[in-house]
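Trainee: Structure provided below as structure tokens; questions to follow.
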Amino acid sequence: MKKLLFLCAFAFSLFAADMKFQTVSPSEATLLQTGDKKQHCPTCNMDLVKFYKTSHAVKFKDGTYRQYCSIHCLINEQEMGYLRDKKSLIAEILVADAKGFKMIPVRKAFYVIGSTVKGTMSRISTYAFATKADALEFQNSNGGNLGTYEDAYTATMDDFKK
């Protein structure tokens with residue numbers, strides 16, 4: 001009986017350790033891109049459901065999307081990759097609301113930058129929220145600074161340099 005309890009506790013600890021703050025259930029994630037790789041970041045191939053709460057997406061003027069696991073991968077493509085020469089084709093950039101899970105325009109999001117909650121692909125975490133109240137609640141529990149998309153972009157660019 002003790003062995004069974006130990007095995008159950010061990011299995012649970014492995015499962016719990018694998019769960020990340022960024023992860024949502026597949027039914028909660030909004031995957032915007034299409035095709036065989038729609039659940040994977042086009043920059044690093046990470047699973048978008050596992051890293052959903054840091055997900056960003058580019059909507060192109062033709063109605064297609066590219067969705068990234070993080071602002072880090074988005075900026076990498078904007079500055080050095082696929083998106084660098086396609087900026088005029090971008091209609092909008094979206095981010096996952098870390099509380100409500102809907103995709104929202106980055107210009108309307110409230111970012112918490114540098115919290116104690118681990119980020120994705122960066123040493124500096126960036127989480128976006130649809131409301132200032134939700135961002136402040138997260139900040140009160142996890143630290144960090146309240147900012148805009150531009151602030152999160154700047155912090156991520158600074159992280160690239162390090």
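The values are calculated or read from the model by the stated rules, or taken from the named source; none is laboratory data. Computed from a predicted model, the values in this text were never measured in an experiment. Note that we place each Cβ from the backbone using ideal geometry, even for glycine, and neighbour counts take in every protein chain shown.
Trainee: For the stretch 105-138, give me each residue that is closer than 22 Å to Asn76 by Cβ, at pLDDT 95 or above and out of contact with any Gly (no Cβ under 9 Å at 6 or more places or on another chain).
Mentor: Within the stretch 105-138, Pro105, Val106, Arg107, Ala109, Ala128 qualify.
Trainee: Same structure, new question: What residue, among those in the stretch 60-73 that are under 15 Å from Met121 (Cβ atoms) and in contact with a Leu (Cβ under 8 Å, 6 or more places away or on another chain), is surrounded by the most Cβ atoms within 10 Å (Cβ to Cβ)?
Mentor: Tyr68
Trainee: Can you tell me which residue in the stretch 83-104 is farthest from Leu32 (Cα to Cα), limited to those that are in a loop (DSSP other than H, G, I, E, B) and modelled with pLDDT of 95 or more?
Mentor: Lys99
Trainee: What do you reckon, is Val117 of a type in the set (A, V, I, L, M) and under 11 Å from the mean Cα position of the chain (by Cα)?
Mentor: Judged against the criteria, Val117 is not a match.
Trainee: Further, regarding this structure: Testing Tyr65 on (1) in contact with a Lys or Arg (Cβ under 7 Å, 6 or more places away or on another chain); (2) farther than 21 Å from Ala155 by Cα; (3) at pLDDT below 95, one condition comes back false. Which one is that?
Mentor: Exception for Tyr65: condition (3).
Trainee: Here is a follow-up. Determine which member of the set Ala96, Ala91 is under 14 Å from the mean Cα position of the chain (by Cα) and at negative phi.
Mentor: Ala96
Trainee: Filter the stretch 141-160 for residues that are over 11 Å from Tyr111 (Cα atoms) and without any contact (Cβ under 8 Å) to a residue 40 or more places away in the chain and give the result.
Mentor: Result: Ser141, Asn142, Gly143, Thr154, Asp158.
Trainee: Then there is this: Here is a check on your reading of the model: is Ala155 over 12 Å from the mean Cα position of the chain (by Cα) and surrounded by 17 or more Cβ atoms within 10 Å (Cβ to Cβ)?
Mentor: Here the answer is yes, as Ala155 does meet what is asked.
Trainee: Within the stretch 44-62, count every residue that is under 9 Å from the mean Cα position of the chain (by Cα) and either among the charged types (D, E, K, R) or modelled with pLDDT under 95 (or both).
Mentor: So the count comes out to 1.
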